[in-house]
Every structure is written in structure tokens, then in C-alpha cells.
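Report on the structure given below.
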Amino acid sequence: MTRRPKWVVGWWRQDRGSYTLETVICVAVLIPFLGLLAAYGLAGIFDNSVEGAASSAARAASQAADADIAQVRGRTAAEAALRQDDRNCTSRSIRIDTSAFSAPPGQAASVTATVTCTIPLSQLTVPGLPGSKTLTASAISVVDQYADRK
């Protein structure tokens, strides 16, 4: 029988404790990665909420009889949509373009609503994460072509 070198015989016994070290390293890398993944997922959900608010604002504004009422209804609908989804924007902007209300009846017209919402990244599951993300969405809704416009 041939004798094996000493390093070949017990090489697996020298590996004690490495599983613990590997686990600690993996967890240290995995937890921040999962936190960022969750933050991006929540940013997508916030983005959908902003798009929904823009759609609601455009739809509500397009059903108004004149431009002034359309502005009020559009802003109210956007605010209600953001509040319903519990979106706490640090700053928000709601623009309703009602210039198409000046078109005569019988001519195609549409209303455009743009909603901008800035959210702090610390609100996205990772407390203490610096910075913010600005989400913007626009939506267009057609005004009834034959309705009386003022």
C-alpha cells in the first residue's frame, strides 16, 4: 500500500468553520441587495399610482363643461387618487392643460393631465436611504366632441 501525502489525507478536516464564514459573507451581501430590490419594486408601485392619478385627473377634467371647472375637477381627482393610494409625496405638481376647451363644438379636443410626485427613498422600505425619486406621468382624455363648451 502506498502512503499518501499528509495534506491529502486530512484536507477536509482543515475546512472547519468555513460554513459559518460563508454564511456571514452571503448574508452581508444578500440583505442590502434584497433591500434595494424591494425599494425598486415599491418605486414601481408608486409609479403606477402616479399614472393612475394622472389618468383620473384627465378623465375628470374632460367631463367638465368649461376650462375652469376642468382645472378644479382634474386637481381634485388627482389629489384623491394619490390620497387613496396613501402616497406621501414630499412635493407634488399637478398640471391640467385645458386649452382645447376653446375649440368650437364639433371639433376634436382633448385634455392632458401631468402629475409629478417626489418621494424620499427612505420611504421605500430602507430607512436612512438618502435621496429622493421624482415620478412623472401624463394622461390624455378626449373631450366630448359635440358637448357645449364654454
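Every number in this text was worked out from the coordinates using simple rules, so none of it is lab data. These figures come from a predicted structure and were not determined experimentally. A quick note on method: Cβ atoms are made from the backbone with ideal geometry, for glycine too, and the neighbour counts reach across all protein chains shown.
Is it the case that some residue within region 40-62 is free of Cβ contacts under 8 Å to residues at least 12 places away in the same chain, not in a helix (DSSP H, G or I) and not aliphatic (A, V, I, L, M)? No; the residues of region 40-62 include none that is free of Cβ contacts under 8 Å to residues at least 12 places away in the same chain, not in a helix (DSSP H, G or I) and not aliphatic (A, V, I, L, M). Of the numbered conditions (1) buried (at least 19 other Cβ atoms within 10 Å of the Cβ); (2) over 15 Å from ILE140 (Cβ atoms), THR98 satisfies every one except a single condition; which is it? (2) is the only condition that THR98 fails.
In region 83-133, the qualifying residues are those that are hydrophobic (A, V, I, L, M, F, W, C) and assigned to a strand (DSSP E or B), and the one that is farthest from VAL72 (Cα to Cα) is ILE119.
Against the condition more than 18 Å from the chain's Cα centre (by Cα) and of a type in the set (D, E, K, R), how does ARG92 come out, does it pass?
Taking the combined requirement at face value, the residue does not satisfy it.
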